[in-house]
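Here is the structure we will look at, set down as structure tokens.
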Amino acid sequence: MDEVICLGIESTADDLGVGIATSEGAILANEKSTYTPERGGIHPREAARHHSAQVGSVLDSALAKAGVGPKEIDVIAFSQGPGMGPCLRTGATVARALSIYLDVPLVGVNHAVAHIEIGRLATGAEDPLTLFVSGGNTIVTGYEAGRYRIFGETLDIAVGNCLDVFAREAGFPYPGAPEVERRALKGERFIPLPYVVKGMDLSFSGLLTSALEKLRSGRYRVEDLCMSLQEVAFSMLGEVTERALAHTRKPELLLTGGVAANRRLQAVMRAIAEEHGAESYVVPLEYALDNGAMIAWTGLLAYLSGVRTPVEESLIRPRWRLDEVEIPWLR
Ligand code: ATP
């Protein structure tokens, strides 16, 4: 079969990404532009405005980097959900326009599936239990009978969001989670904070509220709070992940999503994998944060399995759950 080339557009939140992937598993380009809020968290409409202003130049640089012309693109993929409505809508509009203009098929991709698939591609993991942790998601998942099943997830905010909000209140520059990680290394005294695991699910909002109260009280060293926040959050993730690994007996453990960049979390996951005789994998940094390459690659997997998204079925799906998606390429 001839090589197939897919261009993927990621636009679920603050990152606008354009990636180009081939059916041989090569990533030819992975370009992005990130919206940075002037203050506070992400404002969806402002982020969408950023994406529409930048999409032309990000597309141009992805094509130039890949060394392919628009006519060589065989498939257009886009992140159809889950994510912020205005941001998703901007990416979907561009994807539909490109698909019609170039007269090539369109494939809507689930963002969470894409985080797992780029992790599998980049690390070589085949059938991992996956911990997907980002600003918007906290999910423990594994493939079983045609879908990625969810074994555990957050009941409220995502762990990345918990770290980001704490960092913002502590006055760290955006995005603040990497600074929380740096400060945590200087932590000396553990400060007890709420640890909330309910069955296989997690809750981070009480943990965040308590950490913020302690921060505002001025009675604690910020480094101690950073360390304690990370230790409690990552222990919670560790408990659920370990239980899922023990029950599924998956031979591999994959850490993916933006929070996968955290070295302390990587160490916790490595220890769990070792304990259970599983191979431990961490998605490389360039593919940990939201990116277009993961959409292009997952779009290709879907396309090669016969998936198509006609324009009239390409409405965005802001609440599209991971376990609603058929995964025909793993059957
Ligand atoms: P989603 O993938 O859910 O749509 P997102 O846009 O937040 O959301 P990513 O780009 O995958 O997703 O991840 C960004 C998240 O990763 C942010 O919450 C950010 O703070 C977090 N992050 C980045 N670096 C680190 C780090 N060193 N330690 C912990 N968290 C980190």
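The values are calculated or read from the model by the stated rules, or taken from the named source; none is laboratory data. Just so it is clear, the model here is predicted, and its values are computed rather than measured. When we count neighbours, we look across all protein chains shown, and the Cβ atoms used for this are built from the backbone with ideal geometry, even at glycine. The protein model used for the area step is the full one, side chains on, heavy atoms only, and it has no ligands, DNA or RNA in it. Shrake-Rupley method; radii C 1.70, N 1.55, O 1.52, S 1.80 Å.
Would you check which residues across region 126-148 are among the charged types (D, E, K, R) and either touching a helix residue (DSSP H, G or I) at 6+ places or on another chain (Cβ under 6 Å) or open to solvent by less than 10 Å² (accessible area, probe 1.4 Å) (or both) and list them? Once the filter is applied, which keeps residues that are among the charged types (D, E, K, R) and either touching a helix residue (DSSP H, G or I) at 6+ places or on another chain (Cβ under 6 Å) or open to solvent by less than 10 Å² (accessible area, probe 1.4 Å) (or both), region 126-148 yields only ARG147.
Which of the following residues is open to solvent by 20 Å² or more (accessible area, probe 1.4 Å) and farther than 22 Å from ILE150 by Cβ: ARG243, ARG249, ARG263? Full working, then the answer.
Working: ARG243 fails: farther than 22 Å from ILE150 by Cβ; ARG249 fails: farther than 22 Å from ILE150 by Cβ.
So the residue among ARG243, ARG249, ARG263 that is open to solvent by 20 Å² or more (accessible area, probe 1.4 Å) and farther than 22 Å from ILE150 by Cβ is ARG263.
Among the residues making up region 1-22, those that are out of contact with any strand residue (DSSP E or B) (no Cβ under 8 Å at 6 or more places or on another chain) and away from the ligand (no atom under 16 Å from the Cβ) are MET1, ASP2.
Within region 35-46, the set of residues being farther than 16 Å from ARG168 by Cβ and touching an Asp or Glu at 6+ places or on another chain (Cβ under 9 Å) comprises just one member, GLU46. Looking across GLY81, GLY85, GLY19, GLY69, one residue alone is within 15 Å of LEU301 (Cα to Cα) and open to solvent by less than 40 Å² (accessible area, probe 1.4 Å). It is GLY19. Of all residues in region 48-55, at least one satisfies being open to solvent by 10 Å² or more (accessible area, probe 1.4 Å) and closer than 20 Å to ILE27 by Cα.
The single condition among (1) surrounded by fewer than 20 Cβ atoms within 10 Å (Cβ to Cβ); (2) more than 29 Å from ALA77 (Cβ to Cβ); (3) touching a Phe, Trp or Tyr at 6+ places or on another chain (Cβ under 8 Å) that LEU208 does not satisfy is (1). Kindly indicate whether any position in region 218-227 is open to solvent by 50 Å² or more (accessible area, probe 1.4 Å) and in a helix (DSSP H, G or I). No: zero hits. Taken over region 243-264, residues that are over 10 Å from LEU131 (Cβ atoms) and either within 16 Å of the ligand (Cβ to nearest atom) or acidic (Asp, Glu) (or both) amount to 6. The combined condition, being in a loop (DSSP other than H, G, I, E, B), away from the ligand (no atom under 13 Å from the Cβ) and surrounded by fewer than 21 Cβ atoms within 10 Å (Cβ to Cβ), is not fulfilled by GLY238.
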